[in-house]
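Remarks on the structure that follows.
The values are calculated or read from the model by the stated rules, or taken from the named source; none is laboratory data. Only a predicted model underlies this, so the values are computations on that prediction, with no experimental measurement involved. Note: ideal-geometry Cβ built from the backbone for every residue, glycine included; neighbour counts use all protein chains shown. Each accessible area value is taken on the protein alone, full model and side chains, heavy atoms only, with ligands, DNA and RNA left out. Shrake-Rupley method; radii C 1.70, N 1.55, O 1.52, S 1.80 Å.
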Amino acid sequence: MRLVNKVALVTGGARGIGREIALLFAREGADIVIGDVNLQEAEKTCRDIEALGRKALSVELDVTSFLRVEAAINKILDKFTKIDILVNNAGITKDGLILRMSEPDWDAVIAVNLKGTFNCIKAASKVMIKQRSGKIVNIASIIGIIGNPGQANYSASKAGIIALTKTSAKELASRNININAVAPGFIQTEMTAKLPDELKQKMLGAIPLNKFGTPGDVANLCLFLVSEESSYITGQTIIVDGGMVMV
Ligand code: NDP
């Protein structure tokens, strides 16, 4: 087990990719905090973590508010006294072509995906700096690298996360904090289930490994990035997409 005695906060960890990351980290020995707007689902995930023999805490958390993020971090410190790992996974889409994209849809996606990631890095790194150690993984997307029609807000938020990863990695490296980004391709979750079948078939044709990814594929990469095995890696964006984008 690679994460024994570690405490990990996974934002948006109630379901989808975040839930899979939380369960894998728990199987590797970590105690887990699920920070999510969906408290009911977060509690279900926590019960599954406890069934693995680990401690779990669900915290109602809207990452768009720095004050709420700070309050959540304090709750975590009350229970666990430290935070070793942060996975910034909470993310939303509100797609539309630029000419039709409303200001609220632009703002909402930037607020959750980009500002939310900043808020959590800011609050958690304060704790990690005192600890003189920490691992942060930001969930970006290949769309933040290649762009995608209909996803101006989403692609900009994810490209912003990639740049934020580099800057925060440079700022915090001297405090023994590693920060990396993961850029998934098409992963089968509720977020992608709503896409039209025709589009899914088109995307499948562009994936050299000829299959969609699973939340487990993303979780495995995150596990590597929060384990000691990746201690000489920081500021990087690693793609997990079946070969769809090769840079
Ligand atoms: P899901 O929509 O399945 O899960 C996202 C979770 O985040 C949900 O529990 C959601 O709550 C929660 N959430 C939403 N807004 C907030 C908020 N303001 N504060 C805290 N939690 C919030 O998404 P996925 O698992 O598919 O995606 C996870 C991450 O991976 C996202 O960042 C996404 O952009 C990224 N990604 C996904 C890909 C894919 O193919 N699925 C590809 C590339 C990247 P609620 O249930 O209430 O909405």
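The set of residues in region 170-194 being of a type in the set (Lys, Arg), in contact with a Lys or Arg (Cβ under 9 Å, 6 or more places away or on another chain) and within 16 Å of the ligand (Cβ to nearest atom) is empty.
If you go through region 145-157 and keep only what is touching a residue at least 40 places away in the same chain (Cβ under 8 Å) and open to solvent by 10 Å² or more (accessible area, probe 1.4 Å), you end up with Ile145, Ile146, Pro149, Gly150, Gln151, Ala152, Tyr154, Ala156.
On the given criteria, is Gly35 closer than 19 Å to Ile187 by Cβ and of a type in the set (Gly, Ala, Ser)?
Spelling it out, it is not the case that Gly35 is closer than 19 Å to Ile187 by Cβ and of a type in the set (Gly, Ala, Ser).
Out of curiosity, is Arg68 touching an Asp or Glu at 6+ places or on another chain (Cβ under 6 Å) and open to solvent by less than 90 Å² (accessible area, probe 1.4 Å)? No: the conditions fail for Arg68. Restricting the first member to region 22-41 and to residues that are within 16 Å of the ligand (Cβ to nearest atom), and the second to residues that are of a type in the set (D, E, K, R), the beta-carbon pairs closer than 6 Å and six or more apart or on different chains are Val37/Asp62; Leu39/Glu60; Glu41/Arg15. Within region 42-65, if we keep just the residues that are open to solvent by 40 Å² or more (accessible area, probe 1.4 Å) and either within 15 Å of Lys75 (Cα to Cα) or not in a helix (DSSP H, G or I) (or both), the residue that is farthest from the ligand (Cβ to nearest atom) turns out to be Gly53.
The residue that is farthest from the ligand (Cβ to nearest atom), among those in region 73-83 that are in a loop (DSSP other than H, G, I, E, B) and either open to solvent by 20 Å² or more (accessible area, probe 1.4 Å) or among the small types (Gly, Ala, Ser) (or both), is Thr81. Summed over region 167-202, residues that are without any contact (Cβ under 8 Å) to a residue 24 or more places away in the chain and among the hydrophobic types (A, V, I, L, M, F, W, C) total 3.
If you go through region 121-141 and keep only what is farther than 18 Å from Ala183 by Cβ and in a helix (DSSP H, G or I), you end up with Lys122, Ala123, Ala124, Ser125, Lys126, Val127, Met128, Ile129, Lys130, Gln131. In the set Leu77, Leu86, Leu52, only one residue is touching a residue at least 40 places away in the same chain (Cβ under 8 Å), aliphatic (A, V, I, L, M) and farther than 30 Å from Asp107 by Cβ; that residue is Leu77. Residues that are buried (at least 16 other Cβ atoms within 10 Å of the Cβ) and not polar (S, T, N, Q) within region 225-247 comprise Leu225, Val226, Gly235, Ile238, Ile239, Val240, Asp241, Gly242, Met244, listed in sequence order. Would region 90-97 turn up any residue that is among the hydrophobic types (A, V, I, L, M, F, W, C), more than 14 Å from the ligand (Cβ to nearest atom) and over 22 Å from Val182 (Cα atoms)? Among the residues of region 90-97, at least one is among the hydrophobic types (A, V, I, L, M, F, W, C), more than 14 Å from the ligand (Cβ to nearest atom) and over 22 Å from Val182 (Cα atoms), which makes the answer yes.
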